[in-house]
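Each remark here refers to the structure printed beneath this line.
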Amino acid sequence: MADLHRRVLSIGTQKQLFVDDYVIDEIAGVSQVLNSATKHEANPLLTREKGDFGQFYGTVLYDQDQRLFRAWYMGRGGVHYATSHDGLQWETPSLGLAEFEGSRENNIVPSGPYEGLDYCPEMRGIEGPDRVYKCLRYLNWTWMPFASPDGLHWSEIPAPPIVKGGDECKTCKTHDAASPHPAGLPKYAAFPKLGAKVGKYSRRSVGLSWSDDYVHWSPPVLVMAPDDQDDENAFLRVGEALEAGAIDLAWPEDYRGEFYHMCVFPYEGLYLGFVDVFYICVELWRIGQLNQGGPDEVQLTSSRDLIHWHRAGNRMPIIDNGGLGDWDAGWKSTTNRPLVIGDEIWIYYGANNTDHGGLVWKDTLRTAGLGLAKLRLDGFVSLDAGEAEGTVTTRPLRFEGNQLVINAQCKKGSVAVAILDLEGRPIAGLDAADCDTFSGDSVRHTVTWRNRSDLSALPSQPIRLCFHLRNAKLYSFVFGS
Amino acid sequence: MDDRQERPRDIGLEKQTFVDNYIVASTAGVSRLVHPGQKHPDNPLLSAEREWETGFALEVLTAFYDEEIKLFRMWYAAGERVCYATSPDGFRWERPDLGLVEFRGSKANNIVQGLVGPTNGIVYSPEMVGSEFPERYYKSLRYEAEGWAVYYSGDGLTWTRREVNPVLKGTLVRGVCTTAKSSECFAKGVFYKQLPPPKYLAFPQLQVRVGRFERFCVGFSGCPMTFPDTFTAWTEPSLILAPDPLDDELAGERLADVMEMPLVSSPAEYRSEFSGLAGFRYAGAFAGFLWVLYVGGDGSQDGSAEVQLVSSRDLVHWQRTGDREAIIPRGTKGGWDAGRVHTSNYPFEVNNEIWAYYTGKRVGPAGDAHAAPQHTGIGLARWRADGFVSLEARDAEGTMTTKTLRFEGTDLAINAQCQEGTLAVEVLDREANPLVGFCRDECDAFSGDDLSHIVSWRGKSDLSALRGEPIRLRFHLKRAKLYSFVFADRSVA
């Protein structure tokens, strides 16, 4: 019988996360745990003017050249722009680019990127200086490409009508400097909202379209649709939102899960997604309106090829849903990709204190703002062990480099690593008993065995790693020099 | 999260198999086995031997047992021609003189009229016999330049193209699209939200960029029963199955024994593609024969092909069974089916077995130079009832505990094989505490081989006191294979 996990994986010096079990062969006494991001205490960092309740869709990026955080987000009159030196205190500059309500004294970016933008400084030489910033905009029932040299002045790229699909479409670059990906994918991917018939309903689902130039896009195909587990979860999440006061109208017969959109980004050799799961709790025709009501939740997904998607961390929310009276207890959507700032992952998200139905039909009692939630580096999913020691054994690996570096948190516990041969026998001198046990908290701890970290003497045949964990969280490992 | 929200599965009188973990909560010391079909010793049962078949690879389109006329019936393609054969036993096939199509001055042949290849399987709806549209008992879809065209027939032998076509535009890149009749008995089915699935299923071939390659992938399109039953209301196809990185990893291995073929020589190009899916109803769920192509040539489609099992509960989400072993493997080296195999559009049940006819080719490449007709044929693969997948324990006892379920009926019947072992069942409450009277020690352990063994506890099998209650079952297996279980209603019988 085939044993898929006996096949050797060549990882070179690519860091490995545990979001899926691609690299894991055996697991005993250890669980894969989703770590929800820690919300910043000063949230919401940016609120809207009175009467402006649009979605905080958009992008926050850190501009190395200007040493500036820059944000684009949906607002009244179009896409708004804000800047910040520390990512926490934001200013809304007067851009003078668009006339709105008789004045140009505003921060509106005409034809701006309301679904988020793709920042492509590395393509300056290939695609030209006018296409450093790109986005898709929904015009006349289709998505059209727009580009900008500076993120503020946008123009349409002449193109045939492209990606069809619903009124939501996130995009991503498949490559970036931090994650050069070997899979030979086209340079850009878009994720338009498609309808998929699951059970009784045609549901909002995630499609995929490819492009090599941001101009010509392949016909979208369905890549992720809600299933019966999402419907089961709808009962839980709706109950929670009722308690938090974020919804006041629910009709159990209508309960189900749908995917509003998915923000996708490359991270350490794979792709991660923040899927916005819309838990429908009422068809608004029941009160004479269109559309549906219900809360949502941001969950983590992962993929190796952007086609097959894994629902990571048991579908738990990556951003806590918020409780009674919280500004973000209702509708939430992340910006199109998080930022890696130092040894942290910063996830900017927009939120309201009401649900999708509330956005449609209620005009009062709403707050809307931009918040920040943080994870440690690689902190999405960890392998956790409690008081009793647990072990995780990897698939056979081929690596480059001469050191093993781990990202782990075990202030009151320990991590030890054994290096095994293909048959699972410890290699002499590199067993768990030889390993200098790590206790502490480090995003890059170099593993040593009897005070030596050098692995260059290891024979060239594939090895397995066996992690021994006690009261520990292991986030990633990587071979390096 | 699983524990927090588990609501009982209402399985009623629906048979439960183990193609997926729909009913399985946990196992210990039990593994899932995918059983390859038993190939008939006389395979290939049909090869090109008539003049009008000469030079073509025979490809089975559809085969089934017709209860009405007590005959096995088969439609197969020989190039553009669609031919018809019958058999009293499914092994010895005859080519009746249909007298419909002239070939070299004679109508003494088994060529079907009005349906030409490349085409897909056909769908026969015996339940329509006697309805007001006798000319539509048989239906087929064919991919033509502008989209899908519908063909109707009253007897399966003379076909008429629907006047207005296409019924669905575009998306198909080639003419392979299997249609499968989804069975009529949906009333008790555990289908999503109790909604009957579409009556007809089609699995078109989609071309999708996966990794570095544009590849063949599988889409799904459904067609509901309409009045009249026109076979035209097909939904836009959705992508349901695409090869993933593990499939590409497998390609190297699966190509190893065909490496000597001159065209299969480029490891960098090794990849997997899905050239088709024969999807069908399988005990309350859906299963499918996935036609997996392992491609090795430089930009060509040369390689080997085998059939793997997949399953689904809602026709949108499909999962691969086990470790992607072949359920119809290629034959041994040099054999008539050593290179590529693919199936008819659906298997069928007969004599308490599952039968599937399949097309085999001796060599891998699709190139004409290799596909000499004498190197192809149509064979038969068979399984015991519910026999695609079993849960098995060897010498050490293992257990399988189900999720919380609610049943109808009075008795529990198991399909199991343990001539040299034992199988015992206990009934638990939802917290997994054994229920007095149905404990493991009280169960009359089963030894033997039975498709439908009624489980008893101290000589009593009646479970009607627990009907409608949330319970779990725990199976204790030792040197035993468990294929399925079902609650039966003996009060009706």
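The values are calculated or read from the model by the stated rules, or taken from the named source; none is laboratory data. Here the structure is a predicted model, which means the values were calculated and not measured. Virtual Cβ from ideal backbone geometry, glycine too; neighbours counted across all protein chains shown.
Data for the structure
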{"quantity": "Any chance A:SER111 is crowded, with 17+ Cβ neighbours inside 10 Å, assigned by TED's automatic domain parsing to the domain that holds A:VAL223 and either out of contact with any Leu (no Cβ under 7 Å at 6 or more places or on another chain) or closer than 25 Å to A:ASP296 by Cα (or both)", "calculated": "yes"}
{"quantity": "Leading residue by the ranking (surrounded by the fewest Cβ atoms within 10 Å (Cβ to Cβ)) among those in segment B:205-226 that are at the interface with chain A (Cβ under 9 Å from one of its Cβ atoms) and assigned to a loop (DSSP other than H, G, I, E, B)", "calculated": "B:ARG212"}
{"quantity": "Subset of segment A:211-243 that is farther than 19 Å from A:GLY293 by Cβ and among the β-branched types (Val, Ile, Thr) - its residue that is surrounded by the most Cβ atoms within 10 Å (Cβ to Cβ)", "calculated": "A:VAL223"}
{"quantity": "Hits in segment B:19-65 - residues which are within 24 Å of B:PHE286 (Cβ to Cβ) and free of Cβ contacts under 8 Å to residues at least 24 places away in the same chain", "calculated": "B:ASN21"}
{"quantity": "Sole residue being within 28 Å of A:TYR81 (Cα to Cα), of a type in the set (S, T, N, Q) and within 11 Å of chain B (Cβ to nearest Cβ), chosen from A:SER211, A:SER155", "calculated": "A:SER211"}
{"quantity": "All positions within segment B:189-204 that are within 12 Å of another protein chain (Cβ to nearest Cβ) and at pLDDT below 80", "calculated": "B:VAL190, B:PHE191, B:TYR192, B:LYS193, B:GLN194, B:LEU195, B:PRO196, B:PRO197"}
{"quantity": "Residue in segment A:74-94 that is nearest to the chain's Cα centre (by Cα), counting only those that are surrounded by 17 or more Cβ atoms within 10 Å (Cβ to Cβ) and part of a loop (DSSP other than H, G, I, E, B)", "calculated": "A:GLY87"}
{"quantity": "Restricting segment B:66-121 to residues that are in contact with a Ser or Thr (Cβ under 9 Å, 6 or more places away or on another chain), touching a residue at least 40 places away in the same chain (Cβ under 8 Å) and of a type in the set (Gly, Ala, Ser), the residue that is surrounded by the fewest Cβ atoms within 10 Å (Cβ to Cβ)", "calculated": "B:GLY114"}
{"quantity": "Answer residue from segment B:227-256, given it is within 11 Å of another protein chain (Cβ to nearest Cβ) and assigned to a loop (DSSP other than H, G, I, E, B) and is surrounded by the fewest Cβ atoms within 10 Å (Cβ to Cβ) among those", "calculated": "B:GLU236"}
{"quantity": "Selection within segment B:450-493 - assigned to a strand (DSSP E or B), of a type in the set (D, E, K, R) and touching an Asp or Glu at 6+ places or on another chain (Cβ under 7 Å)", "calculated": "B:ARG474, B:LYS478, B:LYS481"}
{"quantity": "Considering residues of segment A:173-207 that are in contact with an Asp or Glu (Cβ under 8 Å, 6 or more places away or on another chain) and charged (D, E, K, R) only, the residue modelled with the lowest pLDDT", "calculated": "A:ASP176"}
{"quantity": "Residue among A:TYR201, A:TYR267 that is among the hydroxyl-bearing types (Ser, Thr, Tyr) and either out of contact with any strand residue (DSSP E or B) (no Cβ under 9 Å at 6 or more places or on another chain) or within 30 Å of A:GLN289 (Cβ to Cβ) (or both)", "calculated": "A:TYR201"}
{"quantity": "Exclusive hit being hydrophobic (A, V, I, L, M, F, W, C) and over 34 Å from the mean Cα position of the chain (by Cα), set A:CYS466, A:CYS435, A:CYS410", "calculated": "A:CYS435"}
{"quantity": "Any hit, segment A:376-395, residues being crowded, with 19+ Cβ neighbours inside 10 Å, in contact with a Phe, Trp or Tyr (Cβ under 7 Å, 6 or more places away or on another chain), under 30 Å from A:ALA42 (Cβ atoms) and of a type in the set (Val, Ile, Thr)", "calculated": "yes"}
{"quantity": "Of the criteria (1) within 23 Å of the chain's Cα centre (by Cα); (2) in a loop (DSSP other than H, G, I, E, B), which one B:ALA63 fails", "calculated": "(2)"}
{"quantity": "Test: residue in segment A:169-180 that is within 11 Å of chain B (Cβ to nearest Cβ) and not in a loop (DSSP other than H, G, I, E, B)", "calculated": "no"}
{"quantity": "Residue within segment B:428-445 that is at pLDDT 95 or above, within 30 Å of B:ASN43 (Cα to Cα) and part of a strand (DSSP E or B) present", "calculated": "no"}
{"quantity": "Filter pass, A:ALA246 being surrounded by 24 or more Cβ atoms within 10 Å (Cβ to Cβ), out of contact with any Leu (no Cβ under 6 Å at 6 or more places or on another chain) and at the interface with another protein chain (Cβ under 9 Å from one of its Cβ atoms)", "calculated": "no"}
{"quantity": "Filter result for A:LEU136 (more than 14 Å from every other protein chain (Cβ to nearest Cβ), out of contact with any helix residue (DSSP H, G or I) (no Cβ under 8 Å at 6 or more places or on another chain) and crowded, with 22+ Cβ neighbours inside 10 Å)", "calculated": "yes"}
{"quantity": "Filtered residues of segment A:285-320 (kept if of a type in the set (Lys, Arg) and either farther than 23 Å from A:GLY269 by Cβ or facing another protein chain (nearest Cβ under 9 Å) (or both))", "calculated": "A:ARG286, A:ARG304, A:ARG315"}
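Listed here are the residues, each with its yes/no results for (1) assigned by TED's automatic domain parsing to the domain that holds B:ILE414; (2) surrounded by fewer than 17 Cβ atoms within 10 Å (Cβ to Cβ); (3) aliphatic (A, V, I, L, M).
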site	(1), (2), (3)
B:GLU442	yes, no, no
B:PHE446	yes, no, no
B:ILE454	yes, yes, yes
B:LYS460	yes, yes, no
B:ARG467	yes, yes, no
B:ARG472	yes, no, no
B:HIS476	yes, no, no
B:ALA480	yes, no, yes
B:SER484	yes, no, no
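Residue-by-condition table, conditions (1) more than 19 Å from A:CYS263 (Cβ to Cβ); (2) within 14 Å of chain B (Cβ to nearest Cβ); (3) modelled with pLDDT under 95:
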{"site": "A:MET1", "(1), (2), (3)": "yes, yes, yes"}
{"site": "A:LEU4", "(1), (2), (3)": "yes, yes, yes"}
{"site": "A:SER10", "(1), (2), (3)": "yes, yes, yes"}
{"site": "A:THR13", "(1), (2), (3)": "yes, no, yes"}
{"site": "A:GLU49", "(1), (2), (3)": "yes, no, yes"}
{"site": "A:LEU68", "(1), (2), (3)": "yes, no, no"}
{"site": "A:GLY77", "(1), (2), (3)": "yes, no, yes"}
